[in-house]
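The block underneath contains the structure these notes are about, expressed in structure tokens.
The values are calculated or read from the model by the stated rules, or taken from the named source; none is laboratory data. Bear in mind the structure is a predicted one, so any value in this text is a computation, not a measurement. Every residue, glycine among them, receives a Cβ derived from its backbone with ideal geometry; neighbour counts consider all protein chains shown.
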């Protein structure tokens, strides 16, 4: 399918006409609606034990079990602290999960989290229905959502959660549109996203050269019957 090109409107200065697009608009963290949580995000409300585990080593963190995979998540955090509390929704844990948590000394607190407690610009606890549990930090495994407004506007196909459907070379279903990084791959770290951008750029360049060859052949082709 031939690509007609794109007219990209810029906020700062007019527009740019381009033959291909590489969309790398990233993702956003979707958090549970708990008072105080968003304000402490990336301070003492943390999202990644690999990124922030060392910061809370030998302290008293907690893990919010609001997603199904959080049980595995809390076991990773356990590597950094022996004083760890898992805040679980009532009735969410299986018997096997309870045994696994108990085996590693992880305390389970069941109930609805009402808010995080802050004093003098520092998180000091988590409030449940009837209890305030002292904690130095709180890990909240986020749910990722792609920043896909532009891709949807362009008509790119996506799955039920909004992630673009791509070919092996990161092309989308719309001719001339590629993606790279977290807008298509929620697990991509900086180095991974950079590599995907480089690979997409190579694919885009090859596609442009193919188009240039077709255009050159079209201009130089002899008329039929000559």
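Taking region 24-51, which residues are in a helix (DSSP H, G or I) and under 11 Å from residue 138 (Cβ atoms)? Reasoning before the result, please.
Of the residues in region 24-51, the ones in a helix (DSSP H, G or I) are 38-40, 49-51.
40 - this is the single residue of region 24-51 that is in a helix (DSSP H, G or I) and under 11 Å from residue 138 (Cβ atoms).
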| said: On the basis of being in a strand (DSSP E or B), crowded, with 19+ Cβ neighbours inside 10 Å and on the phi < 0 side of the Ramachandran plot, does residue 63 make the cut? | reply: yes
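Does residue 197 count as modelled with pLDDT of 95 or more and within 16 Å of the chain's Cα centre (by Cα)?
No.
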| said: Given the options 83, 131, 58, 121, name the one that is touching a strand residue (DSSP E or B) at 6+ places or on another chain (Cβ under 9 Å) and within 22 Å of residue 43 (Cβ to Cβ). | reply: 83
| said: Taking the criterion of being surrounded by 11 or more Cβ atoms within 10 Å (Cβ to Cβ), at pLDDT 90 or above, over 21 Å from residue 144 (Cα atoms) and under 25 Å from the mean Cα position of the chain (by Cα), would at least one residue in region 26-44 satisfy it? | reply: no
| Quick check: is even one residue across region 198-213 in contact with a strand residue (DSSP E or B) (Cβ under 6 Å, 6 or more places away or on another chain) and in a loop (DSSP other than H, G, I, E, B)? | no
| message | Against the condition under 10 Å from residue 137 (Cα atoms), in contact (Cβ under 8 Å) with a residue 40 or more places away in the chain, in the same structural domain as residue 100 (by TED's automatic domain parsing) and crowded, with 21+ Cβ neighbours inside 10 Å, how does residue 56 come out, does it pass? | response | yes
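Filter region 173-192 down to residues that are touching a residue at least 12 places away in the same chain (Cβ under 8 Å) and in a helix (DSSP H, G or I) and give me whichever is nearest to the chain's Cα centre (by Cα). Spell out the reasoning first.
Pass one, region 173-192, residues touching a residue at least 12 places away in the same chain (Cβ under 8 Å): 173-184, 186.
Among the residues that remain, those that are also in a helix (DSSP H, G or I) are: 181-183.
Details: 181: 9, 182: 6, 183: 8 Å.
Per the stated criteria, the residue is 182.
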| Residues that are surrounded by 20 or more Cβ atoms within 10 Å (Cβ to Cβ): which helices (runs of 4 or more DSSP H) entirely in region 67-172 hold 2 or more of them? | 70-77
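Say whether the condition of being part of a strand (DSSP E or B), surrounded by 14 or more Cβ atoms within 10 Å (Cβ to Cβ) and either out of contact with any helix residue (DSSP H, G or I) (no Cβ under 8 Å at 6 or more places or on another chain) or modelled with pLDDT of 95 or more (or both) is met by at least one residue in region 11-22. First the steps, then the outcome.
Start the filter on region 11-22 by keeping residues that are part of a strand (DSSP E or B), which leaves 15-18, 21-22.
Next, from what is left, pick out any that are surrounded by 14 or more Cβ atoms within 10 Å (Cβ to Cβ): 21-22.
If we keep only those that are either out of contact with any helix residue (DSSP H, G or I) (no Cβ under 8 Å at 6 or more places or on another chain) or modelled with pLDDT of 95 or more (or both) too, we end up with 21-22.
So far as region 11-22 goes, yes, one or more of its residues are part of a strand (DSSP E or B), surrounded by 14 or more Cβ atoms within 10 Å (Cβ to Cβ) and either out of contact with any helix residue (DSSP H, G or I) (no Cβ under 8 Å at 6 or more places or on another chain) or modelled with pLDDT of 95 or more (or both).
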